[in-house]
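Have a look at the structure below before the remarks.
The values are calculated or read from the model by the stated rules, or taken from the named source; none is laboratory data. In this text, all values refer to a predicted model and were calculated from it rather than measured experimentally. Note that we place each Cβ from the backbone using ideal geometry, even for glycine, and neighbour counts take in every protein chain shown. Side chains included, ligands, DNA and RNA excluded: accessible areas come from the protein's heavy atoms. Shrake-Rupley method; radii C 1.70, N 1.55, O 1.52, S 1.80 Å.
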Amino acid sequence: MICFFEKIGKKTLASFSKLGRATFFLIQVIKACLSVFLRPKLLLAQLYSIGVLSFMIITISGLFVGMVLGLQGFYILSDFGAEETLGLMVAASLVRELGPVISALLFAGRAGSALTAEIGLMKTTEQLSGMEMMAVDPIKRVIAPRFLAGFISMPILTTLFSSIGVIGGQIVGVIILGVDEGSYWSQMQANIDFQGDIINGVIKSIVFGVVISWIALFEGYDTIPTSEGVSRATTRTVVNSAFAILGLDFILTALMFGDI
Amino acid sequence: MQNTKIQDTLVGLFVASGIVAFFFMAMQISNLSPFSHEKVYTLKAHFENSGGLKVKSPVSIAGVRIGRVRKISVDKDSYDSVVEMDINSEYILPDDTTASIFTAGLLGEQYISLEPGGSNEMIKPNGVIDITQSAIVMEEMIGQFLFKDPSQE
C-alpha cells in the first residue's frame, strides 16, 4: 500500500521537476537568442534544414487538404443549393483551424523529431559536454539557432499551407465541379476578416512554432544518454507536441473566436 | 562554398514564398481592400425589430453595397433596436430615405436596403433615418397565417 503511494509521489515529483527544468531551459534559450544575431550563418543553416526541407511536405499536404475540403464541401453544400459559399467554407476552415493545426502536426513530425534526435545524439556522444569544455555555450551555439529557426519557419509554412489549400479547393470546386469562380472568391473575400481570421491564424502558428521547438529541443537536451533514451525522447517529442498543439488550439480558438 | 550559396538562395526563396503567401492571403482571401481606409460617415436608424442583422452586415442601395452595420443596440426608452451604420462618404442620401431589413435568399444573411426618396434636403453625418421597415420574422408570419380567423375574409 505504501509502495503505491510512494510510486504516485515519485511520479508527481518527477513530472514537476521536469516541468521546472523545461521552464529554466526555455528562459536560457530565450536569453541566448540575441547572440544568434551575431552569427547569422548558424541561423541560416537551421532555417534550411528546418524550414526549406519541410516545404515539400507542407505544400503537398496543403494542396490535398484543400482539394478534399473542396470535394466534401461541394457535396454537402450542394444539398442546400449553397455551392457558392464553397470558397468561404474552404478558406475559413483552412485559415482558422486546419492550416495552423495540420501544418504544426506535420512540422512536429518532420522537423521536431529530427531536432530531438540530433540534439539527443549530440548529448549521447558527449559533443555538448565537449563544447562546454572548450568554453562554448551549447545553448548559444546549438540550441538557440534551432529555436529561432522553428519560430520563424512555422508561420511561413502555415501561410503557405493555407494559401495552397485555398488554391487546391479552387482546382476541385471551380475547375472540376463547376462552381462559379466569381462567387468562389467573392463569398470568401466578403466574409474572411483580415484581423479576425488571418492574423489570428498567424498568431496561432507562432505559438505552435514556439511550443514545438521548445518541446523538441528540451526532450533532446534532457534525454537519457543511451540509444534507447534517444528513441524514447523522439517519440515523446511527437506525442507531447501533438497533445500541446491540439490542447492549445482549443484554448486559443476559445480566446480568439469564442466569447468566453 | 558553392554549397552554402545554394543553401542561402533556398532559404531566401523560402522566406520570400512565405511573404508572398501572406500577401496572397491578405489581398485575395480576406480582400483587405481600400474600402476600410475610405472615409465613412455614420447614420442611425431605429427599427422595431432588427431580426438577424449582425455587426458588419452589408448596407446597400439598389443591390450595391455602400456600407456596413457598425453597431446594434437597444434604445433604453422606446425599446427599439438602434442600428448604426458606416456609409461610404461618396454617397449622400436625401432625408426621406427608407431603410428596410431584407433577407438575401431564403436562408441567406440579412442586410439593410436603403431607398432614397425625392427630398432635396440631405441627411447630415450622424443623422437619423426616420422611415424604417423592420425585419420580417418568420415565426410571426406563420403565426398570423395559422391563427387568422377565416370568417373575417
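Would you tally the residues in the stretch A:73-121 being free of Cβ contacts under 8 Å to residues at least 60 places away in the same chain and not aromatic (Phe, Trp, Tyr)? If you could, list the steps in order and put the result at the bottom.
Pass one, the stretch A:73-121, residues free of Cβ contacts under 8 Å to residues at least 60 places away in the same chain: A:75-82, A:89, A:93, A:102, A:106, A:110.
Still in the running and not aromatic (Phe, Trp, Tyr): A:76-79, A:81-82, A:89, A:93, A:102, A:106, A:110.
Residues that pass the stated criteria total 11.
Would it be correct to say that A:TYR221 is within 12 Å of chain B (Cβ to nearest Cβ) and crowded, with 20+ Cβ neighbours inside 10 Å? Spell out the reasoning first.
Numbers: within 12 Å of chain B (Cβ to nearest Cβ): no; crowded, with 20+ Cβ neighbours inside 10 Å: yes.
It is false that A:TYR221 is within 12 Å of chain B (Cβ to nearest Cβ) and crowded, with 20+ Cβ neighbours inside 10 Å.
Restricting the stretch A:151-210 to residues that are surrounded by fewer than 19 Cβ atoms within 10 Å (Cβ to Cβ) and of a type in the set (Gly, Ala, Ser) leaves a set whose member that is modelled with the lowest pLDDT is A:ALA190. Just so you know, in the stretch B:107-140 the residues that are at pLDDT below 80 and more than 18 Å from the chain's Cα centre (by Cα) include one that is farthest from A:LEU88 (Cα to Cα), and it is B:GLU140.
For the stretch A:20-43, a residue qualifies if it is more than 19 Å from A:ILE119 (Cβ to Cβ) and modelled with pLDDT of 90 or more, and exactly one does: A:GLY20.
Can we say A:SER213 is part of a helix (DSSP H, G or I), in contact with a helix residue (DSSP H, G or I) (Cβ under 8 Å, 6 or more places away or on another chain), within 30 Å of A:ASN240 (Cβ to Cβ) and within 14 Å of chain B (Cβ to nearest Cβ)? Criteria not met by A:SER213. Looking only at the stretch B:57-71, which residues are open to solvent by 70 Å² or more (accessible area, probe 1.4 Å), of a type in the set (A, V, I, L, M, F, W, C) and assigned to a strand (DSSP E or B)? Scanning the stretch B:57-71 gives a single hit, B:VAL64.
Here the helices (runs of 4 or more DSSP H) wholly within the stretch A:83-173 that include at least 2 residues being more than 13 Å from every other protein chain (Cβ to nearest Cβ) and over 24 Å from A:LEU38 (Cβ atoms) are A:99-107, A:113-124.
Quick one: in the stretch B:106-137, of everything that is part of a strand (DSSP E or B) and open to solvent by 90 Å² or more (accessible area, probe 1.4 Å), which residue is farthest from B:SER60 (Cα to Cα)? Among those residues, the one meeting the criterion is B:MET122.
Being in a helix (DSSP H, G or I) and within 11 Å of chain B (Cβ to nearest Cβ) is the filter here; which residues of the stretch A:188-204 pass it? Write out each step before concluding.
Restricting attention to the stretch A:188-204, the residues satisfying the condition of being in a helix (DSSP H, G or I) are A:188-191, A:194-204.
Across the stretch A:188-204, the qualifying residues are A:MET188, A:GLN189, A:ALA190, A:ASN191, A:PHE194, A:GLN195, A:GLY196, A:ASP197, A:ILE198, A:ILE199, A:GLY201, A:VAL202.
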